[in-house]
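Below: the structure, in structure tokens.
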Amino acid sequence: MTEDSGRIVVTGIGVVSPYGRGLNRLETALLDGNCCLQPSTGFYPGFVGTLAPISDLELLEELPNFRPSRTDNLAVLASREALHAAGIGREEVSDAGVIMATTVSGLTEVDPEVVRDPAAWYRDGGLSRAASYPVSHVADAAGEYLGLNGPRIAVTVACASGAISMALAANMLLDGEADVMLAGGSDALCPFTVSGFSSLHALDSSACRPFDQAREGLNLGEGAAALVLERRDYATKRHAPIFAELRGWAISNDAFHQTAPHPDGRGLAACMTAAMEMAAVNPDQIGYVNAHGTGTPLNDAAETKAYESAFRARNRPIPVSSTKSYFGHCLGAAGALEAAVTICGIRRGALFPTLRLSEPIESPAVDWLMGRPRRVPLPIAMTVSAGFGGSNAVLIFSGHGA
């Protein structure tokens with residue numbers, strides 16, 4: 001085994017975001033400080049968030065015995081772009097595996113009437129309609145439409161799902177289960193999802209303000225992102241482009257509460273520390289953290305304490321921001337989209353600020369990014385995801401020459 005066979009690189013990135021199709025659109029919006037959160041009362045009363053522009057999407061044709069959902073559409077479009085960016089044709093990808101995350105899955109295909117009238121689940125066949133789109137459907141969609149015949153796994157671990165898909169894919173590459181893995185997440189919004197968060201009183205009625213002392217909640221978004229991951233030796237052999245290296249990853253669980261995070265952020269701090277140990281980097285080498293940063297009072301407070309614990313040995317405050325302030329919380333796709341954002345930051349030498357952050361949580365350990373993007377060399381960066389049930393995932397990326 002060579003040294004490169006134990007290193008995982010990103011050779012392709014595909015994105016469908018509320019800004020449209022393509023990584024460049026997302027990157028340009030972030031560099032310009034372009035927030036796309038807006039009211040959409042026609043979608044759901046009082047909803048403030050983002051939807052991927054459907055007019056910009058190429059809808060998939062139905063296959064025999066396979067009808068794609070909106071979530072499937074987003075996943076396949078992002079995956080197709082990622083494979084194209086990696087220089088992989090259909091004939092070269094037959095043995096590739098796919099791990100795709102989702103939380104919404106096919107709920108988008110259920111009649112919105114069931115939100116207003118739960119009895120419609122039984123009267124109009126809502127249960128059978130939902131059952132025809134199991135969580136595994138999104139991974140099967142990528143495999144069926146793109147000819148990926150390797151291992152297929154669907155991940156649903158709440159809002160950490162997208163990042164967990166990449167950690168699992170990297171482990172499978174190291175174990176030799178595949179030479180190429182496509183990993184990511186996809187979630188499309190539907191009234192059923194929004195009503196659930198509304199019932200938890202977790203939504204902000206205006207554009208969210210992560211880490212601000214006056215924060216009131218989150219905004220929801222939709223989209224998909226997919227990364228092509230390979231062992232470095234395999235990527236080098238086929239002369240693949242290298243966007244970044246996945247240096248370290250970790251998964252943990254708070255084991256504290258079915259929805260709330262541990263108030264001290266213990267599980268998340270342990271996850272960050274474990275990822276840094278795997279990456280063989282110390283806290284001073286991390287130049288930026290793309291935070292989970294939902295904008296909810298409990299989550300942001302716990303996350304701040306996690307940074308204070310994980311980076312307590314750092315010589316200076318760690319730069320942190322939440323890019324959910326640009327396009328909302330994309331649920332099962334969030335960790336994948338934010339991995340793409342983190343790689344954009346490394347490639348462009350840019351630290352993206354949290355929008356609308358004016359009075360941040362007081363913390364001597366954190367350098368809250370505000371205002372305009374900060375242009376600095378960024379060799380190594382971390383992205384953090386957390387979810388209901390105390391699930392945590394941390395990914396550490398570096399430029400491929402770092």
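Structure summary
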{"item": "Whichever residue in region 1-28 is without any contact (Cβ under 8 Å) to a residue 12 or more places away in the chain and either surrounded by 14 or more Cβ atoms within 10 Å (Cβ to Cβ) or in a loop (DSSP other than H, G, I, E, B) (or both) and, among such residues, is nearest to the chain's Cα centre (by Cα)", "result": "25"}
{"item": "Enumeration of residues in region 123-150 that are modelled with pLDDT under 90, within 24 Å of residue 62 (Cβ to Cβ) and part of a helix (DSSP H, G or I)", "result": "126, 127, 128, 129, 130, 131, 137"}
{"item": "Any hit, region 327-346, residues being part of a loop (DSSP other than H, G, I, E, B) and surrounded by 23 or more Cβ atoms within 10 Å (Cβ to Cβ)", "result": "yes"}
{"item": "Check on residue 60, of a type in the set (A, V, I, L, M), modelled with pLDDT under 90 and under 20 Å from residue 136 (Cα atoms)", "result": "yes"}
{"item": "Top-ranked residue of region 29-50 - restricted to ones that are assigned to a loop (DSSP other than H, G, I, E, B) and without any contact (Cβ under 8 Å) to a residue 12 or more places away in the chain, ranked as surrounded by the fewest Cβ atoms within 10 Å (Cβ to Cβ)", "result": "42"}
{"item": "Matching option when the condition is free of Cβ contacts under 8 Å to residues at least 40 places away in the same chain and under 18 Å from residue 276 (Cβ atoms), among 339, 313, 365, 306", "result": "313"}
{"item": "For residue 72: the one exception among (1) part of a helix (DSSP H, G or I); (2) more than 27 Å from residue 202 (Cβ to Cβ); (3) charged (D, E, K, R)", "result": "(2)"}
{"item": "Test: residue 350 is among the aliphatic types (A, V, I, L, M), over 19 Å from residue 303 (Cα atoms) and surrounded by fewer than 22 Cβ atoms within 10 Å (Cβ to Cβ)", "result": "yes"}
{"item": "Positions within region 82-103 being in a helix (DSSP H, G or I), at pLDDT below 95 and surrounded by 14 or more Cβ atoms within 10 Å (Cβ to Cβ), in sequence order", "result": "92"}
{"item": "Subset tally (residues that are buried (at least 19 other Cβ atoms within 10 Å of the Cβ) and touching a Leu at 6+ places or on another chain (Cβ under 7 Å)) for region 168-195", "result": "14"}
{"item": "Any hit, region 276-295, residues being surrounded by 22 or more Cβ atoms within 10 Å (Cβ to Cβ), among the hydrophobic types (A, V, I, L, M, F, W, C), out of contact with any Gly (no Cβ under 7 Å at 6 or more places or on another chain) and part of a strand (DSSP E or B)", "result": "yes"}
{"item": "Inter-residue pairs, beta-carbon under 9 Å, first at positive phi and in region 197-210, second crowded, with 19+ Cβ neighbours inside 10 Å, 6+ apart", "result": "201/217"}
{"item": "Enumeration of residues in region 347-391 that are assigned to a strand (DSSP E or B), basic (Lys, Arg) and either over 24 Å from residue 37 (Cα atoms) or assigned by TED's automatic domain parsing to the domain that holds residue 218 (or both)", "result": "375"}
{"item": "Subset of region 23-56 (residues that are within 21 Å of residue 145 (Cβ to Cβ) and out of contact with any strand residue (DSSP E or B) (no Cβ under 7 Å at 6 or more places or on another chain))", "result": "54, 55"}
{"item": "Test: residue in region 252-267 that is assigned to a helix (DSSP H, G or I) and surrounded by 17 or more Cβ atoms within 10 Å (Cβ to Cβ)", "result": "yes"}
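The values are calculated or read from the model by the stated rules, or taken from the named source; none is laboratory data. Quick caveat, the model's predicted, so the values are computed rather than measured. Because the Cβ atoms are built from the backbone with ideal geometry, glycine has one as well, and the counts that use them run over all protein chains shown.
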